[in-house]
Amino acid sequence: MRSSSPAATWSRSDLRGRLISLIVLGVLAGLTAGLAIAAFDGAQRTGSALSRLRERTNASDAIVFPSQLDIPHPDWSKLAARPEVKSLARWALAFGNVAGVEGDLFFVPVDGQFLQQVDRPIVVAGRMFDLDAADEAIVTDDAAAQERIHVGDVVPFTAMTPDQSFDEPAHGPSLSVKVVGIVHSPLSYSFSGGAFLSPGFVARYASQAYLSENAVIQLTHGAKDVSALRRDANTDLSPGTPVLDLHVTGRRVTATTDVERAMLLLLAAIVALAGLVFIGQAVARSATTIAVDEPTLRALGMSRGQMVGAAVRPHLLTAAVALVVAGATATIGSRWFPVGLAARVDPDRGIRINVALFAATALTTAVLVVAGSASFSRRAIHRSSRQVAMTPRWLGHLGLVRPLTIGIGARMVVDGTGRDGRGNSRPALIGAAAAVAGLIAIITLNHGLNEAFKHPSVAGVAWDATVTPAPADISAKGVSDSLVGSVQAQPGVAATATVARQVVEVGDVGVPTFAVVDQGAGAHVAFVTLSGRAPEHDDEIEIGPSTAHDLGVGIGDTLTLGSGAPLNVVGLGLFPSDVHSQFDEGALITPAVWFDLVGGSIQSDVGGFSVAVRFTDRSHIADQVQALGTEVGESGAYVSPAEQPEELGNLHNVRALPTLLAWFLSGLGVLAVGHALFSSVRRRRKDLAVLRALGVTRGGSRIILAAFGSVVALAGLIVGIPIGLIGGRAGWRAITDRVPLVFHSPLTLSALLIVIPAAVLGANALAIIPGRRAALVQPAVILRSE
């Protein structure tokens with residue numbers, strides 16, 4: 001019969017005796033590693049969601065809008081031949097009466113490129129339209145969800161005729177359009193979601209329906225060629241032709257997914273940290289069991305290295321289990337990542353196996369388990385061989401703090417961080433500081449998000465409602481006094497202003513250019529300024545940050561609008577957004593300069609005048625917009641709420657992830673402090689027995705544990721509060737610079753008023769049960785074995 005070495009015999013005995021606990025330890029390690037992997041991989045997928053969708057659909061880089069200049073059928077040949085233009089795909093706006101709504105529209109491919117070769121959507125339900133069918137349409141998933149449209153729905157459509165005006169009811173071809181498919185497209189997020197008619201509509205009704213052409217452009221060098229495209233569109237089509245940079249408008253998505261990505265990275269880091277701390281402690285306790293048998297094993301002739309090897313062998317099972325569970329958890333967990341907006345954008349959401357990441361992290365987890373068991377067992381054997389004195393250091397300092405019980409509890413925290421301390425205060429301190437810092441940062445960040453949503457002026461929404469006048473109320477000088485007076489007379493209206501807008505050639509770029517033509521009586525309506533100031537003189541201009549970037553100018557530089565005189569850039573500001581331009585694109589000039597540039601070319605369908613309205617009570621804007629529309633709508637005017645940038649709405653929707661992370665951090669802090677308290681009672685039973693023998697009462701034992709928890713909480717507050725405030729402020733600054741938004745410091749006392757008492761009270765609440773156990777320690781029973 002083959003004999004076994006003492007080391008192998010001990011390892012087999014230990015494995016049989018602790019088989020379940022070793023497997024459970026491996027499962028816990030694997031679950032922690034797998035969740036961290038899934039969160040990290042989800043963060044990477046979140047960051048690349050839009051770019052992968054663009055790649056999958058062969059997305060365009062820009063949209064050229066001659067329709068904004070009332071050029072329905074431009075000659076595209078010169079622009080298509082430009083070196084920066086890789087491909088040009090034409091599409092048209094088909095205006096008419098859609099399901100009873102006059103002035104609504106369909107998008108229609110004009111050639112065989114758009115939606116076929118370029119911007120080829122992903123069909124998520126139904127099918128693509130028949131290219132020859134005039135009455136079939138597809139709808140983007142975003143628009144379908146908002147309008148509750150399903151495959152098979154039929155939408156009545158009467159098109160406008162080429163010779164009719166926009167203030168007439170549509171009286172062109174009528175047909176019943178059938179929705180045959182729901183599609184997923186980056187255009188939903190970077191331009192506008194909507195319904196697309198089959199190109200068969202153009203083939204059959206091109207001469208009978210009003211179609212205003214635009215084009216999507218794929219550029220040779222992507223975003224780098226947008227400036228060249230702007231210049232050439234200005235030359236080849238018409239001066240001031242608007243060009244929408246889809247990489248810039250993609251910020252509607254990326255501004256939010258960047259926050260989601262940061263939150264998931266933070267979640268992955270916290271899970272990994274918690275795993276290292278708590279699973280590490282469990283591995284340490286498991287590996288040090290050999291120290292109990294160290295005298296016997298040494299008497300059998302085993303060296304320290306052999307004993308370490310014997311302690312490690314059972315943990316090979318733990319490492320193997322961790323390896324398998326980590327891979328399985330990461331694979332299953334990938335099903336729920338990304339989250340939030342990125343989950344809607346991602347073209348491949350679902351179970352995904354990142355072999356390289358999964359293998360590297362799972363192997364690292366297994367190696368850490370083995371290496372940790374070797375390190376902890378070696379230290380345990382070393383301490384056992386030295387016969388370290390078991391007298392706690394804090395017994396020599398009993399007279400330094402009054403009352404003694406509080407001093408003892410505080411000293412236990414300090415001793416527990418030492419190299420030979422028998423407590424485990426260091427993980428508790430790390431966990432408490434991390435929880436406090438994370439909570440403060442998240443509360444600060446959420447405060448910024450909430451304030452931005454409550455006060456949309458930070459995103460350029462300077463008024464609450466817009467009144468679009470009927471054609472009869474518009475003249476070359478502005479809006480009729482009767483309509484303005486009617487709006488000002490309505491209850492709850494605090495301020496009005498007549499705002500002029502027209503696309504104007506600025507340098508080589510078509511820029512929506514605004515002026516406040518007339519301020520109503522009382523309070524004024526003003527555009528939002530990010531830096532610098534608004535123009536006060538006729539030789540000054542304020543522009544959007546994106547416009548400044550496109551033109552390569554800043555405050556202090558000069559610009560020329562159209563054929564006018566140079567204007568000095570005195571500020572950077574934000575402007576009303578629409579489907580053709582972002583809220584950080586535009587220019588603001590004085591009324592005199594605006595009228596000189598635009599003259600009599602105002603057209604109500606592509607520019608002109610509107611009345612901006614700000615209400616006294618801004619808490620029930622929807623109701624007030626409806627009431628104002630009822631009062632002034634009889635004259636043909638149309639009242640709508642001021643459009644909020646999609647970036648702002650997307651950022652508002654992302655708040656669920658920080659909230660979830662806050663709960664996770666709270667759980668981490670509770671687990672860290674609670675584990676330290678319970679472990680301290682178990683590990684210091686003899687010390688507590690000595691104290692009871694020296695006269696400490698049961699109540700005093702409870703106070704010791706309460707003081708221990710309070711000191712850990714206070715230390716976490718001292719370290720975590722400044723880190724959290726700095727991190728939260730920096731995070732909000734990064735968001736406002738990225739979007740952009742007007743930066744207001746999100747520092748709020750509410751964060752401190754919530755976290756400070758919660759941390760102290762929570763630590764004392766956690767100390768109640770360990771304190772009771774400490775009070776039940778029986779000195780005679782415990783000290784009799786000494």
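Data for the structure
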{"read-out": "Single residue of the range 350-375 satisfying the filter (outside any helix (DSSP H, G or I) and without any contact (Cβ under 8 Å) to a residue 40 or more places away in the chain) that is surrounded by the most Cβ atoms within 10 Å (Cβ to Cβ)", "value": "Ile353"}
{"read-out": "Leading residue by the ranking (surrounded by the fewest Cβ atoms within 10 Å (Cβ to Cβ)) among those in the range 440-449 that are in contact with a Pro (Cβ under 8 Å, 6 or more places away or on another chain) and farther than 12 Å from His744 by Cα", "value": "Asn446"}
{"read-out": "Scan of the range 71-102 for residues that are under 30 Å from Ser176 (Cβ atoms) and outside any strand (DSSP E or B), ordered by number", "value": "Pro72, His73, Ala99, Gly100"}
{"read-out": "Which listed residue is modelled with pLDDT under 85 and in a strand (DSSP E or B), from Val516, Val503", "value": "Val503"}
{"read-out": "The one condition in (1) at pLDDT below 80; (2) surrounded by 23 or more Cβ atoms within 10 Å (Cβ to Cβ) that Leu300 fails to fulfil", "value": "(2)"}
{"read-out": "Qualifying residue in the range 450-460 (condition: small (Gly, Ala, Ser), open to solvent by less than 30 Å² (accessible area, probe 1.4 Å), modelled with pLDDT of 80 or more and outside any helix (DSSP H, G or I))", "value": "yes"}
{"read-out": "Residue selected from the range 568-582 under the condition open to solvent by less than 10 Å² (accessible area, probe 1.4 Å) and farther than 17 Å from Val516 by Cα, by the criterion modelled with the lowest pLDDT", "value": "Ser581"}
{"read-out": "Candidates Gly709, Gly727, Gly716, Gly771 - the one that is in contact with a Lys or Arg (Cβ under 7 Å, 6 or more places away or on another chain) and assigned to a helix (DSSP H, G or I)", "value": "Gly771"}
{"read-out": "Any hit, the range 124-132, residues being among the basic types (Lys, Arg) and open to solvent by 30 Å² or more (accessible area, probe 1.4 Å)", "value": "yes"}
{"read-out": "Selection from the range 303-344 of residues that are over 30 Å from Ala268 (Cα atoms) and either among the hydrophobic types (A, V, I, L, M, F, W, C) or surrounded by 22 or more Cβ atoms within 10 Å (Cβ to Cβ) (or both)", "value": "Met307, Val308, Ala310, Ala311"}
{"read-out": "Residue check, Val487 closer than 14 Å to Val593 by Cβ, open to solvent by less than 20 Å² (accessible area, probe 1.4 Å) and at pLDDT below 90", "value": "no"}
{"read-out": "The range 416-439: number of residues that are modelled with pLDDT under 80 and under 27 Å from the mean Cα position of the chain (by Cα)", "value": "2"}
{"read-out": "Residue list for the range 91-105, restricted to those being surrounded by fewer than 22 Cβ atoms within 10 Å (Cβ to Cβ) and not acidic (Asp, Glu)", "value": "Leu93, Asn97, Val98, Ala99, Gly100, Val101, Gly103, Leu105"}
{"read-out": "Selected residue [of a type in the set (Asp, Glu) and closer than 16 Å to Thr46 by Cβ] from Asp232, Asp258", "value": "Asp258"}
{"read-out": "Matching entry among Val27, Val64 (being of a type in the set (A, V, I, L, M) and buried (at least 20 other Cβ atoms within 10 Å of the Cβ))", "value": "Val64"}
{"read-out": "Residue match in the range 737-750 (condition: among the β-branched types (Val, Ile, Thr) and farther than 30 Å from His549 by Cα)", "value": "yes"}
{"read-out": "The range 292-303 residues that are touching a residue at least 24 places away in the same chain (Cβ under 8 Å) and within 11 Å of Ala7 (Cα to Cα), paired with ones that are open to solvent by less than 60 Å² (accessible area, probe 1.4 Å) and assigned to a helix (DSSP H, G or I) (beta carbon under 7 Å, 6 or more apart)", "value": "Leu297/Pro6; Leu297/Trp10; Leu297/Met307; Leu300/Pro6; Met302/Pro6; Met302/Ala7"}
{"read-out": "Selection within the range 730-749 - in contact with a helix residue (DSSP H, G or I) (Cβ under 9 Å, 6 or more places away or on another chain), open to solvent by 50 Å² or more (accessible area, probe 1.4 Å) and either farther than 25 Å from Thr257 by Cα or not in a helix (DSSP H, G or I) (or both)", "value": "His744, Ser745, Leu747"}
{"read-out": "Residue pairs meeting the criteria (Cβ under 8 Å; at least 6 apart or on separate chains; first among the polar types (S, T, N, Q) and modelled with pLDDT of 80 or more, in the range 731-753; second assigned to a helix (DSSP H, G or I) and open to solvent by less than 20 Å² (accessible area, probe 1.4 Å))", "value": "Thr736/Gly448; Thr736/Val458"}
{"read-out": "Residues (over 29 Å from the mean Cα position of the chain (by Cα) and outside any helix (DSSP H, G or I)) located in the range 16-56", "value": "Arg18"}
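The values are calculated or read from the model by the stated rules, or taken from the named source; none is laboratory data. The structure presented is a predicted model; accordingly, all values stated were derived computationally and were not measured. All Cβ positions, even for glycine, are placed from backbone atoms using ideal geometry, and neighbour counts span all protein chains on display. Please note that ligands, DNA and RNA were not included when accessible areas were found on the heavy atoms of the full protein model with its side chains. Shrake-Rupley method; radii C 1.70, N 1.55, O 1.52, S 1.80 Å.
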